[in-house]
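Input: a single structure, listed below in structure tokens.
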Amino acid sequence: MPSFYIKTYGCQMNERDSEQVARQLRERGYAKAASEGEADVILLNTCSVRDMAEQKALDKMKNLQGCKKRKPSLVLGFMGCMAQSRGQELAGMLPGLDLVVGTQKYHKVADYVEQLLSRRNPDMDNLRQAIVDTAEEPGSQNTVRDHELRQRQVTAFVSIMQGCDMHCSFCIVPDTRGGERSRPIPDIVAEVRELVSNGIKEVTLLGQIVNHYGRHEFPADAPGRSPFVQLLYALEEIDGLERVRFTSPHPIGFKADLVRALGELEKLCEHVHLPVQSGSNRILKAMRRAYTAERYLQLVNEIRAVCPEMALTTDIIVGFPGETEEDYLETRKLVETVQFDNAFIFRYSERRNTPAALLPGQVPEEIRETRNQDLLGVLDTIAARKAPSILGQTVEILVEGPSKNNAARLFGRTRGNKIVIFEGDERHRGQLLPVKIIDSTGFTFYGDPVIY
């Protein structure tokens, strides 16, 4: 049977979608190639959040055109957000492209690959017409439910919804992912139970605005809990599941019931990734974020009141159109006030068909870069200041497997999502292991297992 290779760009949801496609291809007998050079089918799962992500995927596909010349039967395809937003345009740009599949059609990829392979003719492959499918499909949120688990894998992503209705002025996601659609709680619980039966100890719930889960489809329950919080309580009851995480929420959807859940649910980890984007109220309004810096700080205080040890991370955009030095310094001040454990800091990137791309006062790239580097320096200082406080402590980690930078060592994560590297044995994989922290680089920690 033919072999396939999938390269994924962008977010955890893209990783999850790629996993779904891989599972479906494997179920039809396709082999997973170790490299693109060995594959009969190469699929790039794309991201459109920033221009750089699109350019990487486009450059990669252009490079693959040489492989197509050497192997005319090779199937080349784009999936995901860039495929959704640019559709037929991509097929016109790249004559060797065979497949363009949008974000609501991942479950059709295996069918389309089989169609292309069955049509291939070595003498006429240059005339093979690309399949382009970016149409909306009701119920597509329910199709991402199968997992392609690695041997001894202990963590997994679970997609609970698709789409976004927030329409932030800088963001292309509502166009590429569509409106909010959520899966039923019983389906998600059944999926997680199946994962646990296959050795999974920790799940991360995924959604564009994950705490908006089910708000259009499902009612609040008798205690007044939102559908998302109902889901969290349902997962708490699954035997064998040790940890639950979620990403990414929106401050507007972070209501009192979710704050209470952070203090009540034992399996819900002490880590919240809470995007702020800016510390300037003027810029937040231009971004259409619908909260102020003061409300964000109030929410941080509410979270820390129920769980003082909560680790907080965030997303920040610097160089948004019209951002002055004073606006940037407001963001810097907020970061120093919250003392984030980490942050993803992005230079603003113009996205087609977004209101922000048309705003006056586009900030020069060199200023965006300067602010980006300055804020990274602030985070480094915060991390260096915090690190000594954890030295000597014994913390619980879930051992995930070999360290990415040193296969002779193992790594795990604390409940606060801090990476800990230690000298261990393969038998430790999947264990909840106490380790004593002995060293730190600021964001990565090193530990010794504590044997009781």
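Using a basic spin-label model with each label point 7 Å from the Cα along Cα→Cβ, how many nm lie between residue 35 and residue 406?
For the pair residue 35/residue 406, the computed spacing is 2.7 nm.
Over the chain, average the accessible area per residue using a 1.4 Å probe and give it in Å², no decimals.
Spelled out: the 1.4 Å probe surface of the chain, per residue, equals 43 Å².
Seen from all sides and averaged, what is the projected area of the convex hull of the Cα atoms in the chain, in nm²?
Projected area, direction-averaged: 22.3 nm².
Taking amide H atoms as placed 1.01 Å from N in the peptide plane, list the residues 5 or more away in sequence, or in a different chain, whose amide H sits under 5 Å from that of residue 397.
Here 433, 435 satisfy the definition.
Can you list the residues of the stretch 62-89 with backbone N under 18 Å from a point 7 Å past the Cα of residue 117, pointing along Cα to Cβ?
68, 71-79
What does a probe at residue 59 reach in the stretch 309-350, counting residues whose amide N is under 18 Å from the point 7 Å along Cα→Cβ?
Zone members listed by number: 347, 349-350.
Once both labels are modelled 7 Å past Cα along the beta-carbon direction, what's the residue 290-residue 12 spacing in nm?
Taking the simple label geometry, residue 290 and residue 12 are separated by 2.2 nm.
Can you give the accessible area of residue 188, probe radius 1.4 Å, in Å² rounded to 10?
0 Å²
When only Cα pairs under 8 Å and 6 or more residues apart are kept, what is the percent relative contact order across the chain?
Once divided by the residue count of the chain, the mean separation gives 10 percent.
Rounded to a whole number, what % of the accessible area of the chain do carbon and sulfur atoms account for, probe 1.4 Å?
50 percent
In whole Hz and in residue order, list the ³J(HN,Hα) couplings for the stretch 413-429 that follow from phi through the Karplus curve 6.51 cos²θ - 1.76 cosθ + 1.60, θ = phi - 60°; x for Gly and Pro.
With the stated coefficients, the stretch 413-429 comes to 10, 6, 4, x, 6, 8, 7, 10, 9, 8, 7, x, 10, 4, 5, 7, 4 Hz.
Restricting to the chain, what percent of DSSP beta bridges are antiparallel, rounded to 5?
Percentage antiparallel, nearest 5: 30.
Residue 31's amide H: which non-local residues (gap 5+, or another chain) put their own amide H closer than 5 Å, with H modeled 1.01 Å from N in plane and none for Pro or chain starts?
Counting only residues 5 or more places away or on other chains, the set is 3, 4.
Using Cα atoms only, what is the angle between the long axis of helix 12-27 and the major principal axis of the chain, expressed in degrees (0 to 90) to the nearest 10?
Helix 12-27 sits roughly 40 degrees off the main axis of the chain.
What is the distance in Å between the Cα centres of the stretch 325-403 and the stretch 20-52?
With the stretch 325-403 and the stretch 20-52 each reduced to a Cα centre, they are spaced 31 Å.
Provide the FRET efficiency to the nearest 0.05 for the residue 151-residue 370 pair, computing r from the beta carbons and using R0 = 35 Å.
So the FRET efficiency works out to roughly 0.15.
Taking amide H positions as placed in the peptide plane 1.01 Å from N, state which residues far from residue 246 in sequence (5 or more) or on other chains have amide H under 5 Å from it.
Under 5 Å from the amide H of residue 246: 205.
I'd like the accessible area for residue 344: 1.4 Å probe, protein heavy atoms, all chains in place, Å² to the nearest 10.
120 Å²
Shape call for the stretch 88-220 from the C-alpha gyration tensor, a ≥ b ≥ c root eigenvalues: rounded (a/c under 1.5), prolate (a/b greater than b/c) or oblate?
oblate
How far, in degrees from 0 to 90, does helix 109-119 lean away from the longest principal axis of the Cα atoms of the chain, to the nearest 10?
20 degrees
Percent relative contact order of the stretch 118-215, based on C-alpha pairs within less than 8 angstrom and at least six residues apart?
After rounding, I find 33 percent.
Please compute the contact order of the stretch 242-385 in relative form: average sequence separation of alpha-carbon pairs under 8 Å and at least six residues apart, divided by the residue count, as a percent.
Contact order relative to length: 24 percent.
What's the angle, to the nearest 10 degrees (0 to 90), between helix 51-70's Cα axis and the longest principal axis of the chain?
On a 0 to 90 degree scale, this one is about 30.
Pop out the ³J(HN,Hα) list for the stretch 385-392 in order, Karplus 6.51 cos²θ - 1.76 cosθ + 1.60 with θ = phi - 60°, rounded to Hz; leave Gly and Pro as x.
6, 7, 4, x, 5, 9, 4, x
How much mean residue ellipticity at 222 nm does the chain get from its helices, if each DSSP H run of length 4 or more adds -39500 (n - 2.57) and you divide by all residues, to the nearest 500 deg cm²/dmol?
Helix contribution divided over all residues of the chain: -10500 deg cm²/dmol.
The values are calculated or read from the model by the stated rules, or taken from the named source; none is laboratory data. Everything quoted here is computed from the prediction, not taken from an experiment. Cβ: placed from backbone, ideal geometry, glycine included. Neighbour counts: every protein chain shown. Surface areas here come from the heavy atoms of the whole protein model, side chains and all, with no ligands, DNA or RNA. Shrake-Rupley method; radii C 1.70, N 1.55, O 1.52, S 1.80 Å.
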